[in-house]
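First up is the structure itself, then whatever we jot down about it.
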Amino acid sequence: MAWLSPTGETLNGWGGAGLAWDEDTGTRSDYDIPKKGNWSPYLVLSISEIQCDKVQVWSGREDSNVNNMEVDVYYSAGWHNIHTGSFQGDGAFYTFEIGSTQTVSSMRLRYYNSSVPSSRYAYVYEADFWEVPAGPTPGWNKLAFTSEPPTPNAWNQLKQTGSSGWIRIDYDGD
């Protein structure tokens, strides 16, 4: 399991190509949201399909008038909202849970400006996907049997060796 950076983006007017996923929280993509009542367009961040159960985002803002954000993830042929609401914009990662493990290929982010007189900037410093390994966790797994006494090969075990699959270990003793 590990945090993975996106590998592509669709800016939709956002500035700072590649800066929302360059592994540097000192750089950022930004968008100047028009005055009160407007959302920014989506900043879409993509990755090759992975098993994923959460994303993290390091967001910022010009001031507290940029006070809401929306986070969606793409899986099962559609966008699914995992957060709509306030955010701190205080220079830290925030994690947003999907609620289950899904085959995810993108996330999209947008921000809301509540300022009456003027536009305000929203910033995305970094965003990542959490990769969940497919299948059972590597390690030893005993076979379960429904009859007693077990036959000699009933004591055989299987061991998963990471991504290389399963290895059968035969026991021929008493």
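A short reminder: the numbers here are calculations on the coordinates, not readings from a lab. Nothing here was measured: the structure is a model prediction, and the numbers come from that model. As a convention, Cβ positions derive from the backbone with ideal geometry for all residues, glycine included, and neighbour counts pool all protein chains shown.
A straight chain from ALA17 to VAL132 at 0.36 nm per residue would run longer than the Cα-Cα distance by 38.7 nm. Peptides 122-132, 54-64 ranked from most to least packed give 122-132, 54-64, packing being the mean of other C-beta atoms within 10 angstrom over each peptide's residues. Segment ASN38..THR103, full-extension length gain: 20.3 nm, with 0.36 nm per residue of separation and the alpha-carbon distance subtracted. For segment 2-131, the relative contact order works out to 41 percent when only alpha carbon pairs closer than 8 Å and six or more residues apart are counted. Length available on full extension from THR84 to ASN68: 0.36 nm per residue minus the Cα-Cα distance, which gives 5.1 nm.
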